[in-house]
Structures are given as structure tokens and as C-alpha cells.
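To start, the structure itself, in C-alpha cells.
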Amino acid sequence: MIRKSPTILVVEDDVENRAAMVKVLQGAGYDTVETDNGQTALDSVLESNVDILVTDLRLPVMDGVELLKRAKAVAQDIEVILITGHGTVELAVEAIKEGAYDFITKPVKRTQLLHAIEKAAEKQYLSRENRELRSQLGQNNNSRRMIYASPEMRNIARMVEQVAPSTATVLITGESGTGKEVVADAIHTASPRRLKPLIKVSCAALPETLLEAELFGYEKGAFTGANARKEGRFELANGGTLFLDEIGEVPPAIQVKLLRVLQDGKFERLGGTRTIDSDVRIITATNKDLQREVEEKRFREDLYYRLNVVNIRIPSLRERKEDIQLLAMHFLKLYSEKNNKPIEGFSEDAMLALTTYEWPGNVRELENAIERAVVFTSGKTVPLSVLPQGVSEFAGSRHSLTFKVGTPLRELERKAIEITLQHTRGDKNLAARMLGVATRTIYRHLERLESGQEDGAIVELDESTASPSETVGNTNS
């Protein structure tokens, strides 16, 4: 695990004191974020990659102890150092019991502040390193792990790392097939509950009566066909995590019972009178707009806020096309091994089709397409012809060139270069290979477009060793 310098959030309503602490910390090489009240500080913890929180005990809007509790709820491994006046030492000691790492009395001394930061960072690093090692052991080559290259998914991975150690409920949103269940798996695997069960329920797959029985269990004789007592998913997940997929489909009557479990951690089986305690971390997912569902009175507002402590939105695959190639290779390896086929990769035009298709079904559709392609591939490379018809046709329709008879040759050349650059998403070397021209031809065309010159003869078929970036001196002689 690479050790990085921590990012420190300084919360102090006194402008001079805050500026002085920030100056000391930045002088010591730390990245800092600063604010003057508890509410904006909590927003920064949720939105930024904050490692250590340095906060005054007395703050407007939300005091330091309340900020400590809320920050720990959403980012359990954040370290908190409290700044206190002499009259509030007892409160600071109480805050240590709530999870604060240390407290410093005013006036703050430079050496005292840096020493506390250094020790807090050391503790945090060791804690994260141990968790990462345990997580790696727990994953054990899990084929459903998060696969990504895009900055959007990198940010989600950071959120998972921050949220996993906490007890906060998580609402995962996004289109169908984006990988919400994979993110839920990652949160559980990285959490202190990873050795306990992760129980999954698809709320859309069961009618209301069966869903209630599945979640809460039932006693013998509770209804026709209940011939024996059955434990529900809340009992089976005790000590672990319960993942409720398609939470937006839960009927109102069951929403009430879910709210009670979230508030009190208690429920009764159907037909039972004994109250059962539940120690379960709840993760939910939906492809619906729950805020709109609340506005239209189809989803309880109080339940929505209980579930939406932390919201993770998974972008569609068309919003993170950088991930397609990595995901495609991952699924190719997975299904090649399952089918005992020595397939090594994709042809150039097949990969181009995969990366330009819009994937309305997201990662699930991509996985199905690769599995199908593996079945029909006979050689070591997946050809374009074995991809689903919609994928190959879309690529062709998006990147074909039509022209009228009699169109000037240089116009055809210009159009061919431009549409091929669109097809390769700006990759000039790949565009040149596809067109069978020298790479410098592409550069020369772009230079002429920028300068407003007429195209003239632009295509040069023979490659030489020189490239445009190596050209120096006066080119007008």
C-alpha cells in the first residue's frame, strides 16, 4: 500500500486562528481544506477525500462533538483532532470517548499541532493497511470485483473505501445493469462485517405477501402453508449486511416495517409476538428516482432519508467509456476460461465497435455480448463478425462515409480523415493505420484546418522515420 500525505480539513470560525493553522500545515507539506462551520465541514467529508479533521470544539451551526459523531458515521476511519479552550477540556475528554484521536488546548503551538497530525496519520495508515490486506485475502480472486479505469469509477472506489468501515446506510442509484450489486459487494467485503453474511433480496421479484415473509420470517401457522417456523433475511443477515435491490418497488405497508427496523433495530416475525433484535447494515439500490417517488407519495419520505445517508450514483457505461476496454478484457478472460478456449484478445475493428457502441443495457449487456462472442469465436482473436448485430451495425452506421459521384478527391480525403478520427476518438496513430497513410498526414491535415489553409494534396502513403513532433527550424524555406 502506497503511503500518501494525508489531506487535512481545518474547521475554525476564527479567521486568524484558521489561517495560522493552515499556514503551519501547508508549510509542513500537507494538503488542506478549510471552512468556518460544522455543516460545510461535514459536506467536505462527504464530498472530498479528507483523512484528518482538525476542528474547534465551539462552532456555529454544528459544534465539534456533533461534527465528530457525524463524520465518524460516514467515514469511520477519519481521524479527528479537537481544538479546545481551557474551559472545555472536560468536553474534549468526553469527545475522546466518542472516537476523537486527540485534543489540543488553545493557544495552539506549532510543534504540538504537527506532532498530533503525525501520530494521527500513522494510526490511520496502519489501520488502512491492515484493512486492505484483510480485504485482499477476503476477495480471493472474486470475479465480480470492481473493474474500472475511468475517473468517475475511481471516485466511487474512494467512496467505497471511506464508507465501508462505517455503519451508515448506503443508497446506490443508477441505470439497470451499471453494477450496483458489485458496488454493494465491495462495500461489504471492505467492511468489518465481511466475515458475516451478505444477504441479498430482490424486492421487485416477490409479491407483497411473500416479500414480507422473506424479510421478517414467519411462525408456524401464520398463514396457509406455513407448516414450520422460518427465519427471515434480517435474522439470516444478523451481524452482517442486508442488500435490498430495487428498494423503490417495496409496497407502502412493508416500508413502515423497514422504517421501524432502521430506527429501533427490532421486528417481529409474521404471526409472532416476540420482538427480535437485528444488528444488520443496510445497503439498498434502485434505478428509480426516489426523490420523485417521495414527491408523488409512492415512497415514504422518512424512510428515504433513513436509507439515503450515503448516496452512491453509478454512471452509465456510455458516461465512462474508458472502462469498456478493461471490462471487455476481464469478461473475455472469465468466459474463455469457463469455456476452455485459448482466446487472447479482440480484433482492432471488434474493439473499436465495443468502445463506440452506446450500451443501453450497460455492463450487463457488455458481459452478455462478450460471453456470446466467446462461444462463436474459433481462433485466438474475437472478430467483429461474432459480436451482436446491434453492436456491429451501430459502429458501422456511426462511422460510415457516403458521397456523391464527382466529389473532388481532396474532399473525400478530408472527410475520410475526419470521420476516422471521430471513430478512433482522436487517436491519430490508430486513424493513420486504419487509413493506410503516414501519421504525419493526419497531423498535416489538422495543422491546415487550424491555420485555415486549403487542403491541397494531403495524403502521403510511404512512412518515413521522421514525425511532426521531431520537426524543428524554418519550414517555409
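Assorted remarks:
- One residue alone among A205, A190 is open to solvent by less than 50 Å² (accessible area, probe 1.4 Å) and modelled with pLDDT under 95, and that residue is A190.
- Listed conditions (1) β-branched (V, I, T); (2) part of a helix (DSSP H, G or I); (3) open to solvent by 20 Å² or more (accessible area, probe 1.4 Å) are all met by V45, apart from (3).
A quick yes/no check of all residues on (1) among the small types (G, A, S); (2) at pLDDT below 85; (3) more than 29 Å from A157 (Cα to Cα):
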| site | (1), (2), (3) |
| --- | --- |
| S44 | yes, no, no |
| V61 | no, yes, yes |
| E66 | no, no, no |
| E90 | no, yes, yes |
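- Leading residue by the ranking (farthest from I312 (Cα to Cα)) among those in the range 8-27 that are loosely packed, with under 15 Cβ neighbours inside 10 Å and not β-branched (V, I, T): E16
- Residue within the range 261-274 that is open to solvent by less than 70 Å² (accessible area, probe 1.4 Å), hydroxyl-bearing (S, T, Y) and over 18 Å from the mean Cα position of the chain (by Cα) present: no
- Annotation: of all residues in the range 214-244 being closer than 15 Å to V261 by Cα and among the aliphatic types (A, V, I, L, M), the one that is surrounded by the fewest Cβ atoms within 10 Å (Cβ to Cβ) is L236.
- Test: S166 is open to solvent by less than 30 Å² (accessible area, probe 1.4 Å), part of a loop (DSSP other than H, G, I, E, B) and out of contact with any helix residue (DSSP H, G or I) (no Cβ under 8 Å at 6 or more places or on another chain): no
- The range 338-395, residues that are open to solvent by 10 Å² or more (accessible area, probe 1.4 Å), of a type in the set (F, W, Y) and closer than 21 Å to L317 by Cα: F346, Y357, F394
- Of all residues making up the range 255-288, the number that are without any contact (Cβ under 8 Å) to a residue 24 or more places away in the chain and more than 18 Å from A73 (Cβ to Cβ): 6
- Single unsatisfied condition, V74 versus (1) in contact (Cβ under 8 Å) with a residue 60 or more places away in the chain; (2) touching a strand residue (DSSP E or B) at 6+ places or on another chain (Cβ under 7 Å); (3) within 19 Å of F103 (Cα to Cα): (3)
- You will find that of L91, L67, L59, the residue that is outside any helix (DSSP H, G or I) and either in contact with a Leu (Cβ under 8 Å, 6 or more places away or on another chain) or touching a residue at least 40 places away in the same chain (Cβ under 8 Å) (or both) is L59 and no other.
- Tally, over the range 289-308, of residues that are open to solvent by 70 Å² or more (accessible area, probe 1.4 Å) and under 28 Å from L236 (Cβ atoms): 3
- Residue in the range 1-42 that is farthest from V61 (Cα to Cα), counting only those that are in a strand (DSSP E or B) and hydroxyl-bearing (S, T, Y): T7
- Residue in the range 105-112 that is open to solvent by 70 Å² or more (accessible area, probe 1.4 Å), more than 20 Å from V309 (Cα to Cα) and not in a helix (DSSP H, G or I) present: yes
The values are calculated or read from the model by the stated rules, or taken from the named source; none is laboratory data. These numbers were taken from a predicted model, which means no experiment stands behind them. Here the Cβ is made from the backbone with ideal geometry for all residues, glycine too, and neighbour counts use every protein chain on show. When the accessible area is computed, the model is the full protein with side chains, heavy atoms only, and any ligands, DNA or RNA have been set aside. Shrake-Rupley method; radii C 1.70, N 1.55, O 1.52, S 1.80 Å.
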